[in-house]
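The values are calculated or read from the model by the stated rules, or taken from the named source; none is laboratory data. Quantities reported herein were computed from a predicted structural model and do not represent experimental measurements. Quick reminder, even Gly has a Cβ in these numbers, built from the backbone with ideal geometry, and neighbours come from all protein chains shown. Quick note on the areas: whole protein, heavy atoms, side chains included, nothing else; ligands and nucleic acids left out. Shrake-Rupley method; radii C 1.70, N 1.55, O 1.52, S 1.80 Å.
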Amino acid sequence: MIFFTKFFNCSGKNGKINKGEKQMKHFIGNDWDQVLAPVFASEEYHRLHDFLKTEYQSKQIYPDMYHIFTAFKLTSFKETKVVILGQDPYHNPGQANGMSFSVMPGTPLPPSLRNIYQELYNDVGAQPVNHGYLKRWADQGVLLLNAVLTVPYGQANGHQGKGWEQVTDAAIKALSERGQVVFILWGRFAQNKIPLIDESKNVIIKSAHPSPFSANRGFFGSRPFSRCNQALINFGKRPIDWQLPADPEAE
C-alpha cells in the first residue's frame with residue numbers, strides 16, 4: 001500500500017519511532033537529514049508521523065507519500081541558494097508534487113503560476129511554457145518549500161498546525177544561519193516567516209502574492225527574479241536561469 005513507504009518504515013515497534021536509537025533516520029537522503037535530525041527526533045515529529053500514517057490510510061492526501069520531501073530531496077541544504085516559500089500543497093488530484101507552486105507535467109497551470117510566468121517574462125524575458133513542472137529551478141538551488149508539506153483532498157490548510165511547521169521553520173532557520181540565501185516571500189503568510197531570517201546575512205524579496213486576488217496589488221512589477229539574481233551575484237554565486245524547458249520531461 002502506498003502509505004507504507006520509506007517514510008513510515010523508519011519506525012520501531014507498533015509504528016513508533018524508536019527514540020532510543022542513535023542512528024539518524026534518512027527521511028530525505030541528503031544533508032537535510034543531518035540538519036533536521038533534532039526535529040525528526042522530537043516528540044512533536046513523532047506525533048506528526050503517527051497522525052500522517054492514519055491520514056494516509058483513511059483519506060486522500062496530497063502529495064503521495066513518495067513526494068512529501070521532494071523539495072528537500074532535489075535541493076540539498078548545501079546547494080540551496082534561493083527559497084520560494086508557499087503555504088501548503090495543491091489539494092486537487094494530479095497537482096501536488098512536493099514543490100511549492102509546481103504541478104505535475106500534464107496538469108493545467110494554476111492561476112497563481114500563470115501570473116508567476118507573466119511576471120517572469122516581464123522581468124527577465126523568460127518565455128512562458130505550457131507546463132508547471134519547476135524541477136529545473138530546484139536543480140539550480142531553488143528550494144521550492146511549502147510551510148506545510150501535506151494536505152487532504154479539497155481542504156486547503158487542512159494539515160496546518162499538525163506539526164509540519166516545526167520542520168519547515170527549522171529548515172528556514174538553518175538556512176538563515178548559514179547565510180547568503182535569497183528568500184522570496186509572496187503574500188502575508190510567507191512574510192510571517194521574516195522573524196526567522198537574519199537579514200544581515202541574507203536577502204529578503206517580498207511582495208503581494210501572485211494569486212488572482214492580489215497579483216495586481218504589488219506582485220506584478222515587483223521583479224523578484226532579476227532582484228534575486230542580482231543578490232546572488234552580490235553573494236558571489238551563479239544566478240538562476242529562470243527559463244524552463246518547453247518539454248517538462250527534458251530534465
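Just one of (1) loosely packed, with under 14 Cβ neighbours inside 10 Å; (2) of a type in the set (A, V, I, L, M, F, W, C); (3) part of a loop (DSSP other than H, G, I, E, B) fails for I233. It is (3).
Looking at the structure I just gave you, is V167 part of a loop (DSSP other than H, G, I, E, B), modelled with pLDDT of 95 or more and among the aliphatic types (A, V, I, L, M)? So V167 does not fit the description; no. So in segment 33-92, with the set limited to residues that are closer than 28 Å to P110 by Cβ and basic (K, R), which one is surrounded by the fewest Cβ atoms within 10 Å (Cβ to Cβ)? Taking the candidates together, the pick is K59. Does segment 31-41 contain any residue that is part of a loop (DSSP other than H, G, I, E, B), over 20 Å from V148 (Cα atoms) and at pLDDT 50 or above? Scanning segment 31-41 turns up at least one residue that is part of a loop (DSSP other than H, G, I, E, B), over 20 Å from V148 (Cα atoms) and at pLDDT 50 or above. Of the residues making up segment 93-109, those that are open to solvent by 10 Å² or more (accessible area, probe 1.4 Å) and either over 18 Å from the mean Cα position of the chain (by Cα) or within 22 Å of F213 (Cα to Cα) (or both) are P93, Q95, A96, F101, G106, T107, P108, L109.
To keep it simple, each residue is scored yes or no on (1) farther than 22 Å from L232 by Cβ; (2) buried (at least 22 other Cβ atoms within 10 Å of the Cβ).
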site: G125; (1), (2): no, no
site: L134; (1), (2): no, yes
site: G158; (1), (2): yes, no
site: K162; (1), (2): yes, no
site: E165; (1), (2): yes, no
site: R178; (1), (2): no, no
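Quick one: would you say A215 is in contact with a Gly (Cβ under 8 Å, 6 or more places away or on another chain), open to solvent by less than 20 Å² (accessible area, probe 1.4 Å) and of a type outside the set (S, T, N, Q)? So A215 does not fit the description; no.
Put simply, of H67, H46 the only residue that is without any contact (Cβ under 8 Å) to a residue 40 or more places away in the chain and closer than 19 Å to Q95 by Cα is H67.
Which residues, counting only those in segment 202-245, are aromatic (F, W, Y), within 13 Å of V182 (Cα to Cα) and within 18 Å of the chain's Cα centre (by Cα)? Even if it seems obvious, please write down each step before you answer.
Our first condition is that a residue be aromatic (F, W, Y); within segment 202-245, this holds for 213, 219-220, 225, 235, 242.
Remaining after also requiring within 13 Å of V182 (Cα to Cα): 225, 235.
Within segment 202-245, just F225 meets the criteria.
Residue selection: Y153 satisfies the criterion of being among the aromatic types (F, W, Y) and surrounded by fewer than 15 Cβ atoms within 10 Å (Cβ to Cβ).
When the criteria are applied in full, L52 meets the requirement of being assigned to a helix (DSSP H, G or I) and either of a type outside the set (A, V, I, L, M) or at pLDDT 95 or above (or both).
Working carefully through the options S222, S211, find the one that is among the hydroxyl-bearing types (S, T, Y), touching a residue at least 60 places away in the same chain (Cβ under 8 Å), assigned to a loop (DSSP other than H, G, I, E, B) and touching a strand residue (DSSP E or B) at 6+ places or on another chain (Cβ under 7 Å). Steps first, answer last, please.
Values: S211 fails: touching a strand residue (DSSP E or B) at 6+ places or on another chain (Cβ under 7 Å).
It is S222.
Scoring I205 on the criteria (1) surrounded by fewer than 13 Cβ atoms within 10 Å (Cβ to Cβ); (2) touching a strand residue (DSSP E or B) at 6+ places or on another chain (Cβ under 9 Å); (3) of a type in the set (V, I, T) leaves a single failure, condition (1).
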